[in-house]
Amino acid sequence: MVLVRQYCGACHNVPSPDILPKHSWPAVIRTMADIGKQRTGREYIPADALRDITALYYGSSPTELPALPFDEVPSPAEAASAVEFALEGLHLTRRLAKDVLDDGRTVYGGDTGA
C-alpha cells in the first residue's frame, strides 16, 4: 500500500480494492497512470510500481461484486417520481433545459445554453 499511497494518493483518495471486481482494476489503473502522464508530461508511475499496484488491486479485489438488493418492482408512480427527481436535478445544475407547456405538462431536454 506504500506505492498506492505514494502515487495514487498524491491525486485522490486511495480506493479500497473491494469497490470494483478483479477484472476491472487493470484498465482502471492503466487509465489513472495515463492521466498522471498527461498531467505531468512524463511517466508519473514507474513501470515496476505500476505492475505492483495492479497486482495488489487485482489480488485483493473480489471476482465479482455482490448483486444489489432488489426486493420489489416500483409502481409506475414511484418510477415516474424517480425519473422526475433525476431530471429536475439535471435542470437545477444547468445540464438539462426545462419547459412548462401551456397545458401544464413539463418537458425536459435540449440545450440549457450554459
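Values in this text are rule-based calculations from the coordinates and carry no lab data. Keep in mind the model is a prediction, meaning the values are calculated, not measured. Cβ atoms come from the backbone with ideal geometry, glycine included; neighbour counts cover every protein chain shown.
For the range 2-60, list log₁₀ I(q)/I(0) at each q in 0.18, 0.22 Å⁻¹, using the Debye formula over Cα point scatterers of equal strength and ignoring solvent, two decimals each. After summing over all Cα pairs, the log10 values are -0.56, -0.84.
Per-peptide packing, taken as the mean over residues of other Cβ atoms within 10 Å, places 82-89, 56-63 in the sequence 56-63, 82-89 from highest down.
Output the 0 to 90 degree angle, nearest 10, between the alpha-carbon long axis of helix 25-40 and the longest principal axis computed from the alpha carbons of the chain. Rounded to the nearest ten degrees, it is 90.
The string of couplings for the range 76-92 from the Karplus curve (6.51, -1.76, 1.60, θ = phi - 60°) is x, 5, 5, 5, 5, 5, 5, 5, 4, 4, 5, 5, 5, x, 5, 5, 5 Hz, one whole number per residue in order, with x for Gly and Pro.
The mean sequence separation of alpha-carbon pairs under 8 Å and at least six residues apart, normalised by the residue count of the chain, gives a relative contact order of 22 percent.
For the range 12-73, which trypsin sites (Lys or Arg not before Pro) are both in a DSSP coil and crowded by at most 14 other Cβ atoms within 10 Å?
On the way: sites: Lys22, Arg30, Lys37, Arg39, Arg42, Arg51; in loops: Arg42.
Those satisfying the criteria are Arg42.
In terms of surrounding Cβ atoms within a 10 Å radius of their Cβ, Asp52, Asp99, Asp71 rank from fewest to most as Asp71, Asp99, Asp52.
The long axis of helix 47-60 is offset from the longest Cα principal axis of the chain by roughly 60 degrees.
The value for the chain of Rg(Cα) / (2.2 N^0.38 Å) is 1.62.
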